[in-house]
1. What is the local net charge at Asp151, summed over the other residues whose Cβ is closer than 11 Å to its Cβ (Lys, Arg +1; Asp, Glu -1)?
2. Which residue fluctuates the most in the chain, going by a Gaussian network model with Cα springs under 10 Å, if the choices are Phe52, Phe215, Phe14?
3. Under a GNM of the chain (C-alpha, springs under 10 Å), which listed residue has the highest mean-square fluctuation: Ala234, Ala104, Ala165?
4. Computing the accessible area with a 1.4 Å probe over protein heavy atoms, can you report the carbon and sulfur percentage for the chain?
5. With every protein chain kept in place and ligands, DNA and RNA left out, what is the accessible area per residue of the chain? Probe 1.4 Å, answer in Å².
6. Using a 10 angstrom cutoff on alpha carbons, build the Gaussian network for the chain and name the most mobile of Val102, Val71, Val235.
7. At 0.36 nm per residue, and after removing the present C-alpha to C-alpha distance, how many nm does the segment from Thr26 to Asn225 gain when stretched out fully?
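The values are calculated or read from the model by the stated rules, or taken from the named source; none is laboratory data. Predicted model only: the values in this text are computed from it and were never measured. Glycine gets a Cβ as well: all are built from the backbone with ideal geometry, and neighbour counts include every protein chain shown. Ligands, DNA and RNA are excluded from the accessible area calculation, which covers all protein heavy atoms including side chains. Shrake-Rupley method; radii C 1.70, N 1.55, O 1.52, S 1.80 Å.
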Amino acid sequence: MKQSRLFPWIGFIFGAIYFLVPLIATFEFSLRMQRGIYSFKAYQVVLADPGFQASFSYSALIALATIIVGVALVVPTAYLVQLKLPRLRPVVEFMTLLPLVVPAIVIVFGYLRMYNSSSWLPMTGSARSTDLLLIFAYVTLSLPYMYRSVDTALRTIDIRTLTEAAQSLGSSWPRILIQVILPNIRVGVLSGAFLTFAIVIGEFTMASLLNRPAFGPYMQLIGANRAYEPAALAVIAFAITWACMGLIQLVASFSPGQKR
C-alpha cells in the first residue's frame, strides 16, 4: 500500500519540477532588466508597448468571434448527432480529431491556396475578409476541444426527455436549443470557450502566414529583437493560459452535479 501511494507522488513531484523549474527560471530572468536589482521593468515596458496592446486586443477580439462561431457550429451539430443521428457519432468524432492530426501550417497553406486573391473566393484580398478567414481557421483548430467539451456536457443530461417536454409545450427547434439545451450544457460550452481563448491567444503559425497583427507573431517579433521582454511575455502568456484553466475549474465547480 505504501509503495502504491509513493509512486504517484514521485511522478507528481518530477512532473512539477519539469514544468515549474523552467517557468521559475524564466520569471527570475525577466526581473533582471535593471542591472544589479530585481524589478518589474520588463513587464512595465511590455504592458506600455502600443504593439502589445494592439496585438493582444486584436487576438482577444478574434478569440471572442471564434468562440461565437464555434459554439454556433458545434452545439447544434453535437445535439443533432446525439438526438437523431447516433450512428454518425464515429464519423463526426473522426472529423473533429483531424485538426490534431493535420498540422496548422498545412491547414493555412490550404486556405492560402483556395482563397488567395486570384481564386474564385478571394478572402485574402482585404483585411476584413482575411480576419474572417483567420476566424474560420481558429474554429477548425479549436474544434477538437470545443466539440468534446460540448459532447461530454450533452451526455450528462437527458436531452431526449428535455426535447420531448419542450415540444409538448409548443417550443420550436431553435427555442429548444437556445432556451432548454444550451443552459443545461453551459459548463461544457464555457470550458470549450476558455480552451479556445487560450489556443487563439498564443497561436502563431496561422496568424503569421495570413499576415495578421495577432499576439503570437508579436511575441515572436519581440523574442527575436529583445532580451528581457520576451521572458516577461512568456510569463504573461503562461498566466493567461493558467487563468483560463482556473476558470474552467471554477465553472465546473458550479455545475449542478458538483457537491459544494
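1. +2
2. Phe14
3. In the Gaussian network model the winner is Ala165.
4. 69
5. 60
6. Judging by the Gaussian network model, the answer is Val102.
7. Working: separation 199, 0.36 × 199 = 71.64 nm, distance 1.71 nm.
Value of the extension gain: 69.9 nm.
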